[in-house]
Amino acid sequence: MDRREALRRTALIMGGVVSAPAIMGILKGCTAKPSIDWKPAFLSQDQSIIVTQVADIIIPKTDTPGAKEAGVPQFIDLMLKDCYSKEDQDRFTAGLQSFDEEAKKQYGDAFLDLEPEKKLEYVNKVHVAALEERKKDQAAPRPFILTMKELTLLGFFTSQPGAEQVLQYVAVPGSYKGCIPLSEAGNGKTWAT
């Protein structure tokens, strides 16, 4: 018997004494809060969890590791700390905060409290809106979701799993063959080296 069925039966036994809001509170309260298993160097704990969740939506685990398994969230945290200017760091964290606040406005819950399908829907919606905004004004600062996507792809394809399991990888490649069809280059994957 699952949790929902147990609550339904309890409500029936109690003659409907338990209200719908009380049941919803119990259901939401029973959900484990997402966490991370690494210590952020730049981002706060909550920001790091959001970055981890978004990176995992951008590159989910399939038959190959996803962004989370490849260490992309840690990569993003270190890139922000070590490579980004103060202005770019502030833009990223403000965009991250705005991203979470907009989720609350649209869905009534913070991003981390959304169901997985709603998280995916929201990220896709924000991504499409950012691309449209970018078409209108190329000179404007890059929106949070596009920076997040860029860092996720960079972190993933420069990670060991991304290079070795998704791209073709040879530690010491053979002779250089300049202009050959991709079909003759191996298994049809783009080269990492």
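The values are calculated or read from the model by the stated rules, or taken from the named source; none is laboratory data. Small disclaimer: the values here were computed from a predicted structure and weren't measured. Cβ placement follows ideal geometry from the backbone for every residue including glycine, while neighbour counts extend to all protein chains displayed. These area figures cover heavy atoms from the full protein model, side chains too; ligands, DNA and RNA do not enter into them. Shrake-Rupley method; radii C 1.70, N 1.55, O 1.52, S 1.80 Å.
Brief remarks follow.
- Residue count for the stretch 94-125 under the criterion of being without any contact (Cβ under 8 Å) to a residue 24 or more places away in the chain and open to solvent by less than 50 Å² (accessible area, probe 1.4 Å): the result is 5.
- Taken over the stretch 47-82, the criterion of being open to solvent by 70 Å² or more (accessible area, probe 1.4 Å) and either among the hydroxyl-bearing types (S, T, Y) or under 19 Å from P143 (Cβ atoms) (or both) is satisfied by T62 alone.
- Residue in the stretch 168-178 that is open to solvent by 90 Å² or more (accessible area, probe 1.4 Å), over 22 Å from F75 (Cα atoms) and part of a helix (DSSP H, G or I) present: no
- The set of residues in the stretch 37-93 being touching a residue at least 40 places away in the same chain (Cβ under 8 Å), part of a helix (DSSP H, G or I) and more than 16 Å from G155 (Cα to Cα) consists of D46, Q47, I49, I50, Q89, R91, F92, T93.
- Residue match in the stretch 83-90 (condition: closer than 14 Å to Q47 by Cα and touching a helix residue (DSSP H, G or I) at 6+ places or on another chain (Cβ under 6 Å)): yes
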